Amino acid sequence: MASQPAPARAGTGVLGWRPGAADLALIALLLIALVGMPVLNALPPDSGLKLPDYMIGVLGKFFCFAMLALAHGLVWGYAGPLSLGHGAFFGLGGYCMGMYLARQKAISAGNELPDFMVFLNWESLPWWWTGTHLAPVALLLIVAVPGALALLFGYFTFRSRISGVYFSIISQAMVFALMLAFSRSELGFGGKTGLTNFSTILGFSVSDQGTRIGVYVATVLALAGSYLLCRWIVRSKLGQVLVAIREAEDRVRFLGYPADRVKLFVFVLSAMIAGLGGALYVPQAGIINPSEFEPAQSIEVAAWVAVGGRGTLFGPILGALGVNAAKSWLTGFAPELWLFVLGGLFIAVTLFLPKGLAGLWPQVRAAVAKRRGGTDG
Amino acid sequence: MTRLHRWPRPGRAARAALLLALGLLVSALQAPPAAAQQADAAAFAEAVQTLATGDREARERAVDRIVEIGHPRAAAVLSALMYRRLATVAGSDRVVLEPEGGGPLEDALTGEPVENPEALETETIYASNQVRRKLRTAVSQVQIFAEDPQARLASTRNIVRAPSDATADLLRRALDREEVPRVEQAIRLALAKVELLAGDAQTKLAAIERLSGSTSPEVRSLLLRLLDRDDVPAEVRTAAREAAASIETRLTLIDWGQRVFQGISLGSVLLLAAVGLAITFGVMGVINLAHGEMLMLGAYTTFVVQQVVLAVAPGLSELSVLFALPAAFLVAGAMGVLLEQTVVRHLYGRPLETLLATFGISLLLQQGVRTIFGAPNKEVSNPFWMSGSIELIGGAVLTYNRLFILVFALAVLAVLALVIKRTTFGLQMRAVTQNRGMARAMGIPSGRIDALTFGLGSGIAGVGGVALSQITNVSPNLGQSFIVDSFMVVVFGGVGSLWGVLGGSMVLGILNKFLEPYAGAMLGKVIVLVLIILFIQWRPRGLFALKGRAGEQ
Amino acid sequence: MAEAETPTARAADKLGAFAKAAKPGAAKGEPVKAAKGTLLYLDGITVSFDGFKALDTLSLVVEEGDLRTIIGPNGAGKTTMMDVITGKTRPDVGTALFDGRHDLTQLREEATANLGVGRKFQKPTVFEPLSVFQNLELALASERGLLATLRFRLDPGRRARIDEILDVCGLGDLRATPAGQLSHGQKQWLEIGMLLIQDARLLLLDEPVAGMTDEETAKTARLIHDIKRRHTLIVVEHDMAFVRELGARTTVLHQGTVLTEGSVDAVQNDPKVIEVYLGR
């Protein structure tokens, strides 16, 4: 009797989904992504189902965005704070990867300094580039740098109980500050141009289709791993604490839970996932520059999550894939329409679909069940 | 152009200086006495005559004499002799010259054109090489007496290059005669420099004394150069060091003053951008990310009004900005009411959703304007009464449009404060935001008040946009460049208080300007953002927020 | 409540002696000795917001096992007093000791909660999307650290404890219902249940019967009498009928300080109290 898991209100929190439904959908999606797409890509060009080479890169980037959305949704959907600065973590992860790739390029050309530093007549490598040519160091930095920023930012904001719109505005200021800073070429990250023209990753040529598929597969696996990690957390008691913090943070404190530390933990974890997504994005996009830090980009992430469905893990992934697919389809023939659509999407989702697409499904199911119950009885 | 500003010393010295200045003024009004002037003119005529007819030695003496007399025509005569343009006229004492750069012959003494030049038989005067050598310095020296003030000014710079007792004398004489204040200052400075370099210890000390009130970096480096010289007595060096230090202090003060002013100027721009937020965010608690687009709408309204005025009544084009003010208020205000009615009102109590929805609106407005007006910047011209500038102490330039914006921003703030504090609408607005249920129970139509409040905040932003169109590019992205700053002002200053917006914008403006010289504009901004994040650790509700129960909501 | 009154009276005497002996904060080591044996010891607490004194040299002593009701007009400082006890607000001056050892003025909310101070807010705050069962599971006494929470397992013992509390609060049938769907009274009981399962030694209840029907109020009074046997309670209330029903020693707060203290009858007949409530 007491052992039954508590069913929950539709579409909210840890309990928004009957166990398995979202997981099954995601497993199907990832399997198609992992096996289906590369197979379709390997088909002979004249077969009707052949997936063009460039599409692998496009899909790969979408999955990177999905990681960013997952990370964002973990914080917003479960713990409550709406970050308008998650692009900072994505971008920092990307820059760490960009540094590694730029060093690889320089080494293969027999230089010590990356091209842009040579153009700037720099004599030696700045200290903060130390070790970036080593893959393990780069991998460490990819999660450590965004994590450290999140730790610093989160520590200060959560400690002084900055929440709600204040947190949102301040996080937007953070990413804005990064955009300004990274636009300066003195900082040693290539200024406005950023880091680009990469040649090899882990010794493989980045332009090789085999390498691209490798990076693509790594992205899908990283997404799957991040999903599992997040799923474990939100299903644990900590997940309940997160939802409780979202609903009534003060009450959680009076129960004795270290609310600040719990929030800080998921915020840092989220930043690391976002950083990993950004790092995988760079070899597939071929460039990283300060535009990743534009405040509007970070707000768009919130739109993906809102469209997909807050308070779920599947929703943000769905939202990121859906919105970005719509974007690349629409900008293909009517680029000027895209901002209208995106703007309308923001408004429509907040007004009419507060639980996003993921919230739609339980509603539909409930409606269907009701009708069936009606006809049966 | 270096300008020497005297900073009077307090007390007796000041009074003495004032008396001295008065005396100089009086003597300037009387002098030079007519008799002396006539005597000079006669001496000059005699010297010119000697130049024309005398032997080598007589000519050399005449050159010296001319330099000594310092007649306004001296420069013209000496350079004419130098370049063989001076001539005698057969059958008379008259000396004529061909002006520099050609032209009709003129009388050497008066400079008046000669009548019938063809009828005269002239003979060019040739000076020997020795005389010419003497002439070279003399010409540059007598420039100090030239008629053209610009030439006099230029000559002070030349004279300083050859410091000696003689040049000091020359400058003193020039100073006696000078009437143009700007040139007079330049001569004073030049004299002090010459005395500093060439004079004896006593003269040097006196010069240092006079220079210590200067605000010129040039004087300071001159004084510092004196410190490196071995031939200067210790007390002179000490005096020079002290004078340099006091100039340094004064320069720093001026520099600070300038930066404070620039900061206030930047702050007034921030104030205009943020003051509308004090209503929508501060009073209603609605995060309106389309606020920047309200600024943009105001700026585009200015553009449209300007085009209409140019087409309909070109004579009034200078006043189009004034017509744009009410138009922008109405356009942005109406858009605000529309937004409140269609979107924002459905989201009260859900601040994060409001934030996202209004961002959607901002995208729609940006793209809408881009579709209608095109992406490139639109030209909005400044009216004549807003162009131009005044020069401040220390050479800083203050443009009228910045000054205008400062005054305008304060005026907008004052009007807004009056609306909130003194009108029925303001009272109802405060009632609704403080206790909606109670206000409604008292018969206040809270829905309409919400719409109007949002409209007011947006309209104020539109008015701000008119002012911003005068100093920044009018483009669809105009709003985006202000939105982060505006929110920082409100967060920093404290939500819900007009004083907070004023204080916040001014402090941030000044802080930005003080950081800029050390960190550059971009990194300065980054530092400011980081400081704000740290600041709200200390005062999470902003600089001017209420503490305790009233502040917790 | 004869059994509760004697030790409290003794504590009040002690407090009086202490207050006479030394000005607040004058002898730092002293209060610890004086407060020995008391669960909650407040002395000379002053809190001001921008010049307004929400609490003005407030002193209060509650012994282990007491039930204490606190009444007072609006703005008397009841909520601020609770904020001080739970570490939400730092007093400007004054001593606040828990169990004679822990300085409450140096602790934040989560620390005071882990010491055993439980608080129920005036407005019931339960976690609405979570079920009744999950709300209790969250409140269940257990290690509160980050990793401990992540690894938490609901073993049969813990399950039984939750079931027990569900019965005490009369919410057994609603265990799977999201807390947001409970009635107002049910939310209040759930919150009290959460305090019980938290194993708090000192329970602070802020207006537990506000907005309840008479029937619910009576049920709540029974619940509190039931709880009193195992916990120390401070109940802040406006409802005098309910206060009389509890029949406990009562402290009257006025303008941030203690106006009087005694049995319900004594307090109700105190001319000072009547003046504060009816006069002015």
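The values are calculated or read from the model by the stated rules, or taken from the named source; none is laboratory data. Only a predicted model underlies this, so the values are computations on that prediction, with no experimental measurement involved. Ideal geometry is used to build each Cβ from the backbone, glycine not excepted, and the neighbour counts take in all protein chains shown. When the accessible area is computed, the model is the full protein with side chains, heavy atoms only, and any ligands, DNA or RNA have been set aside. Shrake-Rupley method; radii C 1.70, N 1.55, O 1.52, S 1.80 Å.
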| remark: Taking the stretch A:310-327 and the residues there that are within 14 Å of chain B (Cβ to nearest Cβ) and over 12 Å from the mean Cα position of the chain (by Cα), the one that is surrounded by the fewest Cβ atoms within 10 Å (Cβ to Cβ) would be A:Lys327
| request: Select from the stretch B:85-97 the residues that are open to solvent by less than 60 Å² (accessible area, probe 1.4 Å) and among the basic types (Lys, Arg) and list them in ascending order. | output: B:Arg85
| Which residue out of B:Leu531, B:Leu523 is open to solvent by 50 Å² or more (accessible area, probe 1.4 Å) and at pLDDT 85 or above? | B:Leu531
| message | Conditions first: (1) in a loop (DSSP other than H, G, I, E, B); (2) crowded, with 21+ Cβ neighbours inside 10 Å; (3) of a type in the set (S, T, N, Q). B:Ser381 passes all but one, so which condition is the exception? | response | (2)
| field | Verdict on A:Leu101 being hydrophobic (A, V, I, L, M, F, W, C), over 21 Å from B:Gly542 (Cα atoms) and touching a helix residue (DSSP H, G or I) at 6+ places or on another chain (Cβ under 6 Å) | value | no
| Among the residues of the stretch C:123-153, which ones are hydrophobic (A, V, I, L, M, F, W, C), without any contact (Cβ under 8 Å) to a residue 24 or more places away in the chain and more than 8 Å from chain A (Cβ to nearest Cβ)? | C:Leu147, C:Ala148
| field | For B:Pro476: the one exception among (1) in a helix (DSSP H, G or I); (2) within 13 Å of chain A (Cβ to nearest Cβ) | value | (1)
| task | Answer yes or no as to whether B:Gly504 is free of Cβ contacts under 8 Å to residues at least 60 places away in the same chain, part of a helix (DSSP H, G or I) and open to solvent by less than 10 Å² (accessible area, probe 1.4 Å). | result | no
| query | Does A:Trp361 satisfy being within 14 Å of chain B (Cβ to nearest Cβ), aromatic (Phe, Trp, Tyr) and within 30 Å of C:Thr149 (Cβ to Cβ)? | reply | no
| query | How many residues does the stretch B:343-362 hold that are more than 7 Å from chain A (Cβ to nearest Cβ) and not in a helix (DSSP H, G or I)? | reply | 3
| message | Contact list please: Cβ distance under 6 Å, first residue in the stretch B:135-160 and in contact (Cβ under 8 Å) with a residue 40 or more places away in the chain, second residue open to solvent by less than 70 Å² (accessible area, probe 1.4 Å) and not in a helix (DSSP H, G or I), pairs at least six apart or on different chains. | response | B:Phe145/B:Gly70; B:Phe145/B:Pro72; B:Glu147/B:Pro72
| message | For the stretch A:338-355, check the following and say yes or no: at least one residue is within 14 Å of chain B (Cβ to nearest Cβ), open to solvent by 30 Å² or more (accessible area, probe 1.4 Å), part of a helix (DSSP H, G or I) and in contact with a Ser or Thr (Cβ under 8 Å, 6 or more places away or on another chain). | response | no
| message | Suppose we filter B:Glu118, B:Glu100 for residues that are loosely packed, with under 15 Cβ neighbours inside 10 Å, part of a helix (DSSP H, G or I) and free of Cβ contacts under 8 Å to residues at least 40 places away in the same chain; which single one remains? | response | B:Glu118
| query | Among the residues of the stretch B:61-75 satisfying the criterion of being open to solvent by 30 Å² or more (accessible area, probe 1.4 Å) and within 26 Å of B:Gly101 (Cα to Cα), which is farthest from the chain's Cα centre (by Cα)? | reply | B:Asp64
| query | Given (1) under 29 Å from the mean Cα position of the chain (by Cα); (2) more than 14 Å from chain A (Cβ to nearest Cβ), where does B:Phe482 come up short, assuming only one miss? | reply | (2)
| query | Counting only residues that are of a type in the set (S, T, N, Q) and more than 9 Å from every other protein chain (Cβ to nearest Cβ), which one in the stretch A:154-196 is nearest to A:Gln297 (Cα to Cα)? | reply | A:Ser171
| note | Scanning the stretch C:44-64 residue by residue, those modelled with pLDDT of 85 or more, out of contact with any Phe, Trp or Tyr (no Cβ under 7 Å at 6 or more places or on another chain) and of a type outside the set (S, T, N, Q) turn out to be C:Gly44, C:Ile45, C:Val47, C:Ala54, C:Leu55, C:Asp56, C:Leu58, C:Leu60, C:Val62, C:Glu63, C:Glu64
| What residue, of B:Ile510, B:Ile527, B:Ile533, is free of Cβ contacts under 8 Å to residues at least 24 places away in the same chain, part of a helix (DSSP H, G or I) and more than 7 Å from chain A (Cβ to nearest Cβ)? | B:Ile527
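Yes/no matrix, rows are residues, columns are (1) more than 14 Å from chain C (Cβ to nearest Cβ); (2) buried (at least 24 other Cβ atoms within 10 Å of the Cβ):
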site: A:Leu229; (1), (2): no, no
site: A:Leu255; (1), (2): no, yes
site: A:Arg261; (1), (2): no, no
site: A:Phe267; (1), (2): no, yes
site: A:Gly308; (1), (2): yes, yes
site: A:Trp329; (1), (2): yes, no
| Which number in (1) within 14 Å of chain A (Cβ to nearest Cβ); (2) in contact with a Phe, Trp or Tyr (Cβ under 6 Å, 6 or more places away or on another chain); (3) open to solvent by 30 Å² or more (accessible area, probe 1.4 Å) marks the one condition that B:Glu340 misses? | (3)
| request: Those residues that are of a type outside the set (Phe, Trp, Tyr) and either touching a residue at least 40 places away in the same chain (Cβ under 8 Å) or surrounded by 15 or more Cβ atoms within 10 Å (Cβ to Cβ) (or both), I need them from the stretch A:197-211; list them, please. | output: A:Asn197, A:Ser199, A:Thr200, A:Ile201, A:Leu202, A:Val206, A:Gln209, A:Thr211
| request: Identify all residues within the stretch A:234-248 that are assigned to a helix (DSSP H, G or I) and either without any contact (Cβ under 8 Å) to a residue 40 or more places away in the chain or buried (at least 19 other Cβ atoms within 10 Å of the Cβ) (or both); write none if there are none. | output: A:Val234, A:Lys237, A:Leu238, A:Gly239, A:Gln240, A:Val241, A:Leu242, A:Val243, A:Ala244, A:Ile245, A:Arg246, A:Glu247
| Matching option when the condition is exposed (fewer than 15 other Cβ atoms within 10 Å of the Cβ) and either at pLDDT 90 or above or within 14 Å of chain B (Cβ to nearest Cβ) (or both), among A:Pro146, A:Pro136 | A:Pro136
| request: Identify the single condition in (1) open to solvent by 40 Å² or more (accessible area, probe 1.4 Å); (2) closer than 21 Å to C:Thr125 by Cβ that C:Ile224 does not satisfy, given that it satisfies every other one. | output: (1)
| Matching helices (runs of 4 or more DSSP H) fully within the stretch B:188-296 where at least 3 residues are touching a residue at least 60 places away in the same chain (Cβ under 8 Å), of a type in the set (Asp, Glu) and touching a helix residue (DSSP H, G or I) at 6+ places or on another chain (Cβ under 7 Å) | none
| request: Report, by residue number, each residue of the stretch B:418-443 that is open to solvent by less than 50 Å² (accessible area, probe 1.4 Å) and under 16 Å from B:Arg345 (Cβ atoms). | output: B:Met429, B:Val432, B:Ala439
